[in-house]
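S.K.: Sharing a structure below in structure tokens format, with a few things to ask.
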Amino acid sequence: TAGASPPLGNRKYDPIYERCEDMDLPVVYHTGGSGLDEYVRAGYQEMIETHTLGFLESNMSQIVSVACQGVPEKYPDLDIVFMESGVTYIPGLVSRLDEEYLKRPEETPLLDTRPSEYITDFYFGTQPLEISARNDLLELCFDMIGTDQLLYASDYPHWDFDSPSVINDLPMLDDDDRRAILAGNAMEVFGV
């Protein structure tokens with residue numbers, strides 16, 4: 001599932017972005033499972049397959065659209081948050097997108113720099129945090145994104161929710177990082 005249609009970089013959404021920026025409100029994209037049936041029709045047989053691919057693919061496609069269509073250039077004071085797909089996919093996506101940008105920058109005339117420079121200014125919800133991943137992979141992701149760009153999300157009351165201990169138990173985070181991810185960053189983004 002690609003999520004929102006047309007993708008979030010489409011000019012159709014510019015009035016929303018403009019108004020949100022004017023009102024100092026973030027835009028939050030919460031990927032959903034409404035397109036998971038597309039995977040079933042394509043032959044995927046188990047929830048593990050559709051749940052792994054659907055949420056991740058939806059956020060990836062929207063991040064690429066928002067970055068490549070210059071939303072951060074047009075609305076530099078707009079905070080953009082992507083939820084519900086974890087974080088470990090981000091280094092690969094950013095690397096691939098920068099590589100494509102270097103080959104065909106003329107296709108992104110609104111960008112003044114590599115897409116990665118914009119994406120690392122986006123905010124990302126932590127859930128579902130890939131705690132089974134190697135700590136060095138999570139550390140790479142946190143270094144690339146910046147712990148100041150991460151918002152704790154639980155996805156409660158779903159059965160596979162992440163409790164705050166998911167963040168508290170990460171050895172690569174210090175107390176300031178934990179406080180920022182668990183509350184401080186969200187307070188800043190949402191103005192509370």
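Taken together, the values in this text are just the output of simple stated rules run on the coordinates, not laboratory data. Keep in mind it's a predicted model, so treat the numbers as computed, not measured. Cβ atoms come from the backbone with ideal geometry, glycine included; neighbour counts cover every protein chain shown.
S.K.: Would you kindly state how much longer the chain becomes between residue 16 and residue 77 on full extension, computed as 0.36 nm times their sequence separation minus their alpha carbon distance, in nm to one decimal?
M.R.: Contour length minus the Cα-Cα distance gives 20.6 nm.
S.K.: Which ³J(HN,Hα) values, rounded to whole Hz and listed in residue order, are derived for segment 106-122 from phi using the Karplus coefficients 6.51, -1.76 and 1.60 in 6.51 cos²θ - 1.76 cosθ + 1.60 with θ = phi - 60°, glycine and proline given as x?
M.R.: After applying 6.51 cos²θ - 1.76 cosθ + 1.60, I find 5, 7, 10, x, 7, 8, 9, 7, 4, x, 4, 5, 7, 4, 6, 8, 6 Hz.
S.K.: Please list, in order along segment 19-24, the HN-Hα scalar couplings obtained from phi with the Karplus expression 6.51 cos²θ - 1.76 cosθ + 1.60 (θ = phi - 60°), rounded to whole Hz, x for Gly and Pro.
M.R.: Per-residue couplings from phi come out as 5, 4, 4, 4, 8, 6 Hz.
S.K.: For the chain, calculate the relative contact order in percent as a whole number, restricting contacts to Cα pairs under 8 Å that are 6 or more residues apart.
M.R.: 20 percent
S.K.: What is the calculated FRET efficiency for residue 46 to residue 144, with r their C-beta to C-beta distance and R₀ = 25 Å, to the nearest 0.05?
M.R.: Rounded to the nearest 0.05, the efficiency is 0.20.
S.K.: Between residue 137 and residue 110, what's the calculated FRET efficiency when r is the beta-carbon distance and R0 is 22 Å? Round to 0.05.
M.R.: Result of the calculation: an efficiency of 0.10.
S.K.: Show the residues, 5+ positions off or on another chain, whose built amide H is closer than 5 Å to the amide H of residue 28.
M.R.: Close amide H contacts, sequence-distant or interchain: 81.
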